[in-house]
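To keep things clear, I will list the structure first and then write my remarks on it.
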Amino acid sequence: MSFGLVPILVAVAIQLLLIPSVISSLNITNEYLHHACNNTQGKYKPGSVFEKNLNIVIKNISTLDLRNGYVLDSNMDVPYQDIPPNTVFVLLQCRGDSYGPKCHSCLATALSGLRKKCPGNKGGTIWYDQCLLDISTYNSGDKYNRKRINYDNYFCISNPKEVSGDKKMFRKKKDIFTDKLLSEINKTDISLSGPLYATGETMIGTKKLYGMVQCTNELKASACYVCLEWLIFAHPFCGHEVKGDRLMCRSCYARFELYPFLRS
């Protein structure tokens, strides 16, 4: 009888060993991706009015449920007009599968990361796998509180490995797939802001391609579409024929992989 248990125990052990691999293959991490320190907005000192205002805003955000994964908050009331010195604006946009508690966790990570990478800067942006955090002395809209597309700090992260087989066919079908994702964004009611987030998957030959596009929810659908179209199609040398790529700027984000990377 004891010998009969050996194959079972071995099978269980193998399954347990495979679990981390499955989780890893989904890439459910909060990896640091990129940051940009804004050196034109000046510096603040510990204990300064700016730091106190920043702490107030972060504390306010920490009390929110973040069930929509987005917040733009300040220590001053809307409408944001005649902005005085030392005013703080904090924008947080979490990935569409990372709302609620996961969004709070990413905020803590991002805030700590931005303080380390841009110490004392009043303005800065940092990207993690699951969220974007932007701190600034000015509102991202104009005096009428209209939101503008912010193309600042564009960057691309590409898998160094190219896809095998017919690369032209891969790129053509990827473009078709991208258009489908953008059309989902464009279906959002133009009178509303967000959630500006679409995901999908498609077969390209024997490969399954997974994709995700998202904008900060301060934009409307039409502006989100414009931002994503610029981000993806205006940069033809970034990742179109490789196994994975991420394209980002301040207002929008896109990712494509040959493996699943989002929570279901």
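The values are calculated or read from the model by the stated rules, or taken from the named source; none is laboratory data. Quick caveat: nothing in here was measured; it's all calculated off a predicted structure. Cβ coordinates were reconstructed from backbone atoms using ideal geometry, including for glycine residues, and neighbour counts include every protein chain displayed.
Can you tell me which residues in region 100-139 are buried (at least 21 other Cβ atoms within 10 Å of the Cβ) and part of a loop (DSSP other than H, G, I, E, B)?
If the condition is that a residue be buried (at least 21 other Cβ atoms within 10 Å of the Cβ) and part of a loop (DSSP other than H, G, I, E, B), then Gln130, Asn139 are the ones that fit.
Conditions: (1) surrounded by fewer than 20 Cβ atoms within 10 Å (Cβ to Cβ); (2) at pLDDT 95 or above; (3) within 15 Å of Arg148 (Cα to Cα). Ser222 meets all but one. Number of the miss?
Checking Ser222 against (1) surrounded by fewer than 20 Cβ atoms within 10 Å (Cβ to Cβ); (2) at pLDDT 95 or above; (3) within 15 Å of Arg148 (Cα to Cα), the one that fails is (2).
Could you tell me how many of the residues in region 93-112 are in contact with a strand residue (DSSP E or B) (Cβ under 8 Å, 6 or more places away or on another chain) and without any contact (Cβ under 8 Å) to a residue 24 or more places away in the chain?
So the answer is 1.
Would you point out which residue out of Ala198, Ala254, Ala223 is more than 25 Å from Tyr32 (Cα to Cα) and aliphatic (A, V, I, L, M)?
Result of the check over Ala198, Ala254, Ala223: Ala223.
Can you tell me which of (1) part of a strand (DSSP E or B); (2) over 13 Å from the mean Cα position of the chain (by Cα); (3) crowded, with 21+ Cβ neighbours inside 10 Å is the one Lys208 doesn't meet?
In the conditions (1) part of a strand (DSSP E or B); (2) over 13 Å from the mean Cα position of the chain (by Cα); (3) crowded, with 21+ Cβ neighbours inside 10 Å, Lys208 misses (3) alone.
Within region 149-165, which residues are of a type outside the set (A, V, I, L, M), in contact (Cβ under 8 Å) with a residue 40 or more places away in the chain and either part of a loop (DSSP other than H, G, I, E, B) or within 19 Å of Phe233 (Cβ to Cβ) (or both)?
Asn150, Tyr151, Asp152, Asn153, Tyr154, Phe155, Cys156, Ser158, Asn159, Pro160, Lys161, Gly165
So if I check each of Cys238, Cys227, which one is at pLDDT 95 or above and either in a loop (DSSP other than H, G, I, E, B) or out of contact with any helix residue (DSSP H, G or I) (no Cβ under 9 Å at 6 or more places or on another chain) (or both)?
Selected residue: Cys227, the only one of Cys238, Cys227 that is at pLDDT 95 or above and either in a loop (DSSP other than H, G, I, E, B) or out of contact with any helix residue (DSSP H, G or I) (no Cβ under 9 Å at 6 or more places or on another chain) (or both).
Quick test of your reading of the structure: Gly239 fulfils all but one of (1) closer than 24 Å to Ile126 by Cβ; (2) surrounded by fewer than 21 Cβ atoms within 10 Å (Cβ to Cβ); (3) touching a Leu at 6+ places or on another chain (Cβ under 9 Å). Name the failing condition by number.
Here Gly239 clears every test but (2).
Any idea how many residues of region 242-264 are surrounded by 22 or more Cβ atoms within 10 Å (Cβ to Cβ) and either of a type in the set (S, T, N, Q) or without any contact (Cβ under 8 Å) to a residue 12 or more places away in the chain (or both)?
Of the residues in region 242-264, 1 are surrounded by 22 or more Cβ atoms within 10 Å (Cβ to Cβ) and either of a type in the set (S, T, N, Q) or without any contact (Cβ under 8 Å) to a residue 12 or more places away in the chain (or both).
In region 241-264, what residues are more than 22 Å from Asp134 (Cβ to Cβ) and either part of a loop (DSSP other than H, G, I, E, B) or touching a Pro at 6+ places or on another chain (Cβ under 6 Å) (or both)?
Once the filter is applied, which keeps residues that are more than 22 Å from Asp134 (Cβ to Cβ) and either part of a loop (DSSP other than H, G, I, E, B) or touching a Pro at 6+ places or on another chain (Cβ under 6 Å) (or both), region 241-264 yields Glu241, Lys243, Leu258, Tyr259, Pro260, Phe261, Leu262, Arg263, Ser264.
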